[in-house]
Structures are given as C-alpha cells and as structure tokens.
Amino acid sequence: MIKCFMLLFVIAMLAGCSSATSTPDPNGPILTGFNALPKSLATVQLSPTPNAPQAQATLDNRRPTNTLPPPTFTPTPTPVVGIFMGASTFSAGSLLPIGTRPVAIVTFVPGPGTRVANNPPPVSSGGGVAGNCTTPAAPQFANVARNAAVAQKLGCPTGNPYVVKMVVQTFQNGFMFWRDTKEIYVLSTAALRTGATTDTFWRVADNWNDSIPANDPSQVPPAGLLQPVRGFGYVWRTNTAFRTALGWALAGEQPFDSTWQNFEHGWMMTSNNGAALALAPLDGPPPTTGIHFGPLS
C-alpha cells in the first residue's frame, strides 16, 4: 500500500515537471534582488561601408566654414614729450617695439653748459644764457638776456629786480643818469653811431651842492641845445672827456622810476622810455668805467 502511494507521488512530480517544461510562463521567471532588474539585449545595425563616390558626395555637400581675415588695426602716433636740451650728441641703442613701430632708445650726452630739466642750474661763473640761470632775468630784460654777447659779458642775474629813483638827461652823443645813491652814470653813444656793438660808460659820485654854481655862463650852447646844470652840469664842466664824448644836452632833466637788476658781471637798468641798458664794468667795485650795449629792446 505504501509502495503504491510512493509510486503515485513520483508519477505526479514527473508530470508536473513535464508540464512546466512544455508550457513556459509568458511573464518569465520571477526574480528577486539584483536579478529582478530587467535585461535588454541591444542590437546595433551596422550600416554598409560607403564606396568612394558616396564618400566624395558627402564631402562635396558639407557646408563650407567661413575663414575670417586676420585682425588689422591702425597704429596711433606715439606722442613725444620732452624738453629741448640744446646742442647734444647721442648714441642709438637697441630698438624696442612700442605699439607697431620701433623706437630708438637714445642716450643724451649734454654738451658743455647744458642743464637738465628739473635740476636747478647753478649760477653761471662765466657767460649766462637765458633759461640757464638760477634767478631769471626780469621781464623787461628777458629778451636782452637772450642776446649771446650780452649774456656772455654779464653772466646770470644774482638777485631779483627792484625799482630805483633815477634822473636822465639826453645829449647829442649819449646820456647822463643820476641814481638815488648819489651816483652819476655817463654813457657815450659816439662809437655805437659808427656801427660798434658796445660803447663806454663812466661812473662818478655826485658831489655837487648849493655852494657850487649851477652852470657856467661862459659855456654858451648852440641854438636849440642846452648846457647841463647842477650835478650833471658840474660833472660835464669839470671833465673834458665827458664833455667831448657827450656834446651838448638835447633836453632838460627828467626823473623816472627805473627797474634795476644786478648780474654776475654788471647790471641791467631801464631808461625813461622803457629801453634796456646792459652795463659791464671793467674795474671796481665800485666801477669807474666799463662798456655798455646801448639802448636795447
């Protein structure tokens, strides 16, 4: 009996396996864990290899790529800022590009007497040149100071200009100036009239006083001319060289304010008409004689 039961159980198990094998589950086996993820098989369809005409046709149909032109720009001039430094020599160094143009590296070698900007130049010990002196010439004398002959003779200003009280009298061949320091300057213009660039001046003290006659009745001037009086007259009458150099007075005395500026080797002063006079003593101090350049502007 038991054997029959066992036999029937085996037959039933075999039948079940046969049924499972012959009829698959349409939903597939039920998996758990990592095996529960769905699986798919990717199938790649390879396209046939194109032949030579097909490859060339593909190349011919490509959209052309625009080729941009190289960038261009217009260089702007490089400004040059500097200060004229007078006659100088230079040596050119290597060329370095600045912008689009090469610029030479220049080393300046200033010539004698040249001053470098922003460095106050010392007072000249010889000939001064306008702009080369520590103290500038007064505006009234700026143009005269640029005269090479005057600058060479007078040098540089040694102080600022100031105003002095003066009296002037014009003569046939020169001038007489009286200064508030009781000095008289006698300037001849006889040589200047012949084309010379300089003439002679003399300096004397004003020693006239009220006890001395103002004029000399024996000295009778020609018509239209005058005999100088008082201080000018006393110097003119007692010095034959002055009288011969100057001649007779053309007009009376005229007081005025003069601009005066001292230089290394002389001074400049303005006349009553604004003209500049440059005087360079040859002796002194105090000077007794020297040269002057005549009225200048």
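A compact table of results
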| read-out | value |
| --- | --- |
| Globularity index of the range 119-274, i.e. its alpha-carbon radius of gyration over 2.2 N^0.38 Å | 1.17 |
| Accessible surface, the range 224-297, averaged per residue in Å² (probe 1.4 Å) | 41 |
| Overall form of the range 152-242 per C-alpha gyration tensor (a/c, 1.5; a/b vs b/c) | oblate |
| Added length on full extension, which subtracts the Cα-Cα distance from 0.36 nm per residue, Leu225 to Tyr162 | 19.3 nm |
| Paired Rg and Dmax values of the range 153-197, which use every Cα atom, in angstrom | 13.6, 34 |
| Apportionment of accessible area to carbon and sulfur, the range 245-291, percent (1.4 Å) | 55 |
| FRET efficiency, Asn273 to Gln172 (Cβ-Cβ, R0 25 Å, nearest 0.05) | 0.90 |
| Sparse-neighbourhood loop sites, trypsin sites (Lys or Arg not before Pro) in the range 154-254 - DSSP loop, at most 15 other Cβ within 10 angstrom | Lys182 |
| Cα point-scatterer Debye curve for the range 190-297, base-10 log of I(q)/I(0) at q = 0.10, 0.11 Å⁻¹ | -0.34, -0.42 |
| Spacing of the two label points (7 Å from each Cα toward its C-beta) at Asp283 and Ala205, in nm | 1.6 |
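The values are calculated or read from the model by the stated rules, or taken from the named source; none is laboratory data. A quick note: this is a predicted structure, and the numbers were derived from the prediction, not measured. Every residue, glycine among them, receives a Cβ derived from its backbone with ideal geometry; neighbour counts consider all protein chains shown. The area values use the complete protein model at the heavy-atom level, side chains included, leaving out ligands, DNA and RNA. Shrake-Rupley method; radii C 1.70, N 1.55, O 1.52, S 1.80 Å.
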